[in-house]
Amino acid sequence: MVFASFIFLFWFLPVALPLYFAAPVRLRNAALILASFGFYGWWRPQYVLLMLISVLIDYWAARMMGECDDSQQARRKRWLWVSVIANLGLLGWFKYANLFAATWNDVAPWPLEWEEVILPIGISFFTFQSMSYTIDVYRGDVKPTRSWFDLLCFVSMFPQLVAGPIVRYRDIQESLVRRFTDFRMASDGVFLFALGFSKKVLIADSVGPLVDHVYAGADPGFLAAWFAAFAYSIQIYFDFSGYSDMAIGLGLILGFRFPENFRSPYLAHSMVEIWRRWHISLSTWLRDYLYVPLGGNRCSEARAQFNLAATMMLGGLWHGAAWTYLLWGAWHGLLLVVERRLGRDNPYGFLPYAGQVFLTFVLWTLSLVIFRSQTIAELGEMLRGLLGLGGLGSMPDLGHQQPVVLGGFLIGCLVTFCVPRSYLLVKRCQPVVMLGVLLVFAVAVCQVLSADFIPFIYYRF
């Protein structure tokens, strides 16, 4: 089940929200858990069990750590490793077993008879979220909850279950016990949901056919390759930021304040800054739970650079089981190391500010070419096109879809570089703006009703 679907808009929400608000306050977590199980189990009900196993292990690991005194640090660390190994074990098996099996069969003289493992939707997100809880308990940042229901509600909450933002327990622990939704929170939530829905359906999905067309072809020309590369930058931004807006909006309606996940990333003037603005919940997670434990900046410069590169490569693998994701992470690790050596505050200071933003956007777009390519061979074809080795070529011809694609791309560029980010729009929201967003939302809903299937890019991760 996806947010931009008939069944979610006209069946799930009309049932789940009234039942949630009709439930007594003490039972609202239970109502939210049941709704979340229905949301997640709609695809494959058996995978709800994976989430239950992960939460149960982390609940007991945290409780055991909480019972240890200061003289029992070794025991606390053992329980932490129970949580980490269990979560990474689940993630590793379901996400990477197919890659390892395929790689083995490509190089080994004794191939494996392998039945492909089906990837549970959102496993990367809910395992990271659950694991962050036990790590924070180990560090003493939060106290272990005595309520397994509260922890299950935290991990399974349907707005952010399958694609983030990656919420930390300490950010919403009070809301898990006591929360309320007033008119302002609810109206802000509706505004954000409508805005995110419109961004995803009317912009991201409009340029998607162009990207798919070019990547599905062989040896794209220079013009087609670059247009597809920039179009994908627009598509993935509006797809994922649109989802985040919807998730945060639904959270507000339910009484939760999730962290902002995007802050106009394409206005960044360096790759360091873009990672402070893009998928903020993931970048801060990688910083706090991977980069810092590796040593962070508290070591030699060479080791700090290694920590940075390793963090980005592992972050690339987190996105998917393909060598292109590892290359994508390596590309970002290289760029961040280079910027670190140039000077982190303003590595491209020799350019005017507009030039810094444009250079950063181009470097980011090139990284997304790696990210979008499903195989090394496909990546090679796109790189040939970007370098002009396949000739100048021409713009892709999508027939009757051409005006929609071009219009979506141009509107996406205008919104990206000229319109304040969603959080600022909410703060400055006037009735006329709200009305305009709701009208655009109505158009997006009509678009969804006429479409066969509308996936989210980040549902794959």
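Of all residues assigned to the range 112-131, none qualifies as being hydroxyl-bearing (Ser, Thr, Tyr) and without any contact (Cβ under 8 Å) to a residue 40 or more places away in the chain. May I ask you to verify whether Ala330 is closer than 28 Å to Ile123 by Cα and in a loop (DSSP other than H, G, I, E, B)? So Ala330 does not fit the description; no. For the range 73-93, the criterion of being assigned to a helix (DSSP H, G or I) and either closer than 27 Å to Asp245 by Cβ or not assigned by TED's automatic domain parsing to the domain that holds Gln129 (or both) is satisfied by at least one residue. If you take the residues in the range 24-36 that are touching a Leu at 6+ places or on another chain (Cβ under 9 Å) and not polar (S, T, N, Q), which one is surrounded by the fewest Cβ atoms within 10 Å (Cβ to Cβ)? Of everything passing the filter in the range 24-36, Leu34 is surrounded by the fewest Cβ atoms within 10 Å (Cβ to Cβ).
Rundown of residues vs (1) crowded, with 17+ Cβ neighbours inside 10 Å; (2) in contact (Cβ under 8 Å) with a residue 24 or more places away in the chain, yes/no style:
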{"position": "Val369", "(1), (2)": "yes, yes"}
{"position": "Thr375", "(1), (2)": "no, yes"}
{"position": "Leu392", "(1), (2)": "no, yes"}
{"position": "Asp397", "(1), (2)": "no, no"}
{"position": "Leu410", "(1), (2)": "no, no"}
{"position": "Ser422", "(1), (2)": "yes, yes"}
{"position": "Val432", "(1), (2)": "no, no"}
{"position": "Ser450", "(1), (2)": "no, no"}
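Is there a residue in the range 181-201 that is without any contact (Cβ under 8 Å) to a residue 12 or more places away in the chain and aromatic (Phe, Trp, Tyr)? There is at least one residue in the range 181-201 that is without any contact (Cβ under 8 Å) to a residue 12 or more places away in the chain and aromatic (Phe, Trp, Tyr). Look through the range 388-402, keep the residues that are assigned to a loop (DSSP other than H, G, I, E, B) and within 30 Å of the chain's Cα centre (by Cα), and return whichever of them is farthest from Trp226 (Cα to Cα). Filtering the range 388-402 for residues that are assigned to a loop (DSSP other than H, G, I, E, B) and within 30 Å of the chain's Cα centre (by Cα), the one farthest from Trp226 (Cα to Cα) comes out as Leu398. Would it be correct to say that Leu359 is without any contact (Cβ under 8 Å) to a residue 12 or more places away in the chain, out of contact with any Gly (no Cβ under 7 Å at 6 or more places or on another chain), not in a loop (DSSP other than H, G, I, E, B) and not assigned by TED's automatic domain parsing to the domain that holds Pro120? So Leu359 passes the test. Listed conditions (1) closer than 30 Å to Arg179 by Cβ; (2) free of Cβ contacts under 8 Å to residues at least 60 places away in the same chain; (3) of a type in the set (A, V, I, L, M, F, W, C) are all met by Phe258, apart from (2).
Of the helices (runs of 4 or more DSSP H) lying entirely inside the range 229-323, the ones with 1 or more residues being aromatic (Phe, Trp, Tyr) and under 23 Å from Asn346 (Cα atoms) are found at 271-277, 301-319.
Among the residues making up the range 45-70, those that are closer than 15 Å to Ala86 by Cα and among the aliphatic types (A, V, I, L, M) are Leu49, Leu50, Met51, Leu52, Ile53, Val55, Leu56, Ile57, Ala61, Ala62.
Val48 fulfils the conditions (1) part of a helix (DSSP H, G or I); (2) touching a helix residue (DSSP H, G or I) at 6+ places or on another chain (Cβ under 8 Å); (3) touching a residue at least 24 places away in the same chain (Cβ under 8 Å) except for a single criterion, (3).
Taken together, the residues in the range 286-316 that are within 20 Å of Ile121 (Cα to Cα), aliphatic (A, V, I, L, M) and surrounded by 19 or more Cβ atoms within 10 Å (Cβ to Cβ) amount to 0. Scanning the range 10-69 for residues that are in contact with a Gly (Cβ under 8 Å, 6 or more places away or on another chain) and of a type outside the set (Phe, Trp, Tyr) yields Ala16, Val48.
The values are calculated or read from the model by the stated rules, or taken from the named source; none is laboratory data. For clarity, every value in this text was computed on a predicted model and none was experimentally measured. Positions of Cβ are generated from backbone atoms using ideal geometry, with glycine treated the same way; all protein chains shown enter the neighbour counts.
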